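Scroll down for the structure; my scribbles are underneath it.
No lab work stands behind these numbers, since they all come straight from the coordinates. The shown structure was predicted, so the numbers you read here are calculated from the model rather than taken from an experiment. Counting neighbours? That spans all protein chains shown, and the Cβs are built from the backbone with ideal geometry, glycine included.
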Ligand SMILES: Cc1cc2nc3c(=O)[nH]c(=O)nc-3n(C[C@H](O)[C@H](O)[C@H](O)COP(=O)(O)OP(=O)(O)OC[C@H]3O[C@@H](n4cnc5c(N)ncnc54)[C@H](O)[C@@H]3O)c2cc1C
């Protein structure tokens, strides 16, 4: 069977992962992006890439949870097929709160218990102070206890985006960088004065698809990246707070990602002082040794969100869309892309 010639608009996480899967399946693929492949100001490059179906259930629903659980089994398979190694860990998450914020942790725990399917409830374990110290020795004596969310993971999104780009090139995908897509139809992608013809067209432009998806909006998020040799964490730690939930995720070479703010705003401009204060204070309150951490980068980007905050794979006027990944792109992308590949290649 001849595989289709596919044009994909948008080379973020969704577009790259789809291009890679389709090219591996023998399709001719062309990828278009308004930016260069190493641009850092997209959601995919800014994200913390926590793979947290349990913790995110507090702010999402069964569908995201199920996509997340499926994706956690797919990520290791996908990463094993990439030529370049990508940092991936699945050692669970620790959740803590300072004494004065104990009610937030209590509420979070009850919410998870209420929303989790029966079969997954055992993944949430209550830790007393000594159990917490065993999971995270660095936090010993700093918190009276917490929660352990078994099976959750994280990956280094910068490494993943680079690894996908390398494989996409090797597989012969035509990558049109710096090419803003102005229009798409069932069989064509138009940029500036060029019109490219395809058998199948997919729109994966994140917030760039607003003209096609009227209910799509951008939700601003900011993260801080630091290096700190004097603190070691075994796994991501979530810090509950009455106003916001923040997490600190360890990365290779003594680096940490601290995230993330969430603001109902489509301003994708530089990180604000208020957000730096919130992220840095949370980090410092987790362990004072973070006071000497070196700031590597502060970034802001827009999460593409639909009204119900669920990701969507759908066909509109002949064009396929993968969008609305919101704060769950890394959590859900493998399962979503798998579903879309199935529809494009195997459905009648
Ligand atoms: C601060 C922050 C923290 C996050 N943390 C997590 C997390 O811990 N876990 C998790 O699962 N998710 C997280 N996310 C969410 C995740 O990053 C997104 O859901 C995901 O990256 C969306 O991917 P995308 O490919 O749909 O969109 P994008 O990354 O926005 O990619 C869209 C691409 O389309 C291109 N484009 C736009 N317009 C055009 C055009 N006209 N023509 C051509 N190209 C165009 C853009 O240049 C871009 O490359 C976070 C997001 C943010 C901002």
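Taking the three principal axes of the alpha carbon atoms in segment 84-166, the coordinate ranges are 47, 32, 20 Å, sorted in descending order.
If R0 equals 35 Å, the separation of the Cβ atoms of residue 339 and residue 190 corresponds to a calculated FRET efficiency of about 0.80.
Which value in deg cm²/dmol, rounded to the nearest 500, describes the helix-derived mean residue ellipticity at 222 nm for the chain, given -39,500 (n - 2.57) per DSSP H run of n ≥ 4 and division by the residue count? Present the calculation step by step, with values, prior to reporting the outcome.
Details: 9 runs with 108 residues, N = 348.
After summing the helix terms and dividing by residue count, I get -9500 deg cm²/dmol.
Run the numbers for residue 314 and residue 285: contour at 0.36 nm per residue of separation, minus the present Cα-Cα distance, in nm. Could you put the intermediate results ahead of the total?
Values: separation 29, 0.36 × 29 = 10.44 nm, distance 4.34 nm.
Length difference between fully extended and current span is 6.1 nm.
Extension gain for residue 107 to residue 129 (0.36 nm times residue separation, less C-alpha to C-alpha distance): 6.0 nm.
The angle between the Cα long axis of helix 329-346 and the main principal axis of the chain comes to about 30°, on a 0 to 90 degree scale.
If you sort the three axes of the alpha carbon gyration tensor as a ≥ b ≥ c, you get a/c of 1.5 or more for segment 11-140 and a/b above b/c, which makes it prolate.
Taking 7 Å steps out from each Cα toward its Cβ at residue 307 and residue 90 produces label points 3.6 nm apart.
Packing-wise, with mean Cβ within 10 Å as the measure, how do 159-171, 327-339 rank, highest first? Please report the intermediate quantities before stating the final value.
Working: 159-171: 18.3, 327-339: 24.1.
Listed from highest to lowest mean packing, they are 327-339, 159-171.
For the pair segment 296-348 / segment 239-270, the C-alpha centres are spaced 22 Å from each other.
Using R₀ = 25 Å, calculate the FRET efficiency as 1/(1 + (r/R₀)^6) where r is the Cβ-Cβ separation of residue 265 and residue 295; round to 0.05.
Numbers: r = 23 Å, r/R0 = 0.91.
Taking R0 as 25 Å, the efficiency between residue 265 and residue 295 is 0.65.
Could you grab the relative contact order for the chain? Cα pairs under 8 Å, six or more apart, rounded to a whole percent.
Values: 734 pairs, mean separation 86.6, N = 348.
That works out to 25 percent.
May I ask you to work out the translational diffusion coefficient for segment 175-287 at 37 °C, viscosity 0.692 mPa s, via Stokes-Einstein with Rh from the Kirkwood sum over Cα pairs, reported in whole µm²/s?
Values: Rh = 17.4 Å.
Rounded, D is 189 µm²/s.
In the chain, if every C-alpha pair distance is counted and binned at 20 Å from zero, what percent goes to each bin? All Cα pairs considered, the percentages come to 31, 56, 13, 0.
Report the relative contact order of segment 102-168, percent, no decimals, based on alpha-carbon pairs under 8 angstrom and at least 6 residues apart. Mind showing how you got there, number by number?
Numbers: 42 pairs, mean separation 18.6, N = 67.
With pairs under 8 Å counted, the relative contact order is 28 percent.
Starting from the Cα gyration tensor of segment 40-92, take the square roots of the eigenvalues, sort them a ≥ b ≥ c, and report rounded, prolate or oblate (rounded when a/c is under 1.5, otherwise prolate if a/b is larger than b/c, else oblate). Verdict is oblate for segment 40-92.
Ratio of Rg to Rh for segment 203-348: 1.06 [Cα atoms; Kirkwood radius as inverse mean 1/r over pairs].
Secondary structure note: in the chain, about 75% of the DSSP beta bridges are antiparallel. So for segment 7-48, Kirkwood radius off the Cα pairs, Stokes-Einstein at 25 °C and 0.890 mPa s: how many µm² s⁻¹? Answer, rounded: 227 µm²/s.
Of the residues 256, 148, the one with the fewest other Cβ atoms within 10 Å heads the list, and the complete ranking is 148, 256. In this simple spin-label approximation, residue 81 and residue 62 carry label points 7 Å from Cα along the Cα→Cβ vector, and these lie 3.0 nm apart.
Protection proxy ranking for 257-269, 44-56, using the average of other Cβ atoms within 10 Å per residue and placing the highest first: 44-56, 257-269.
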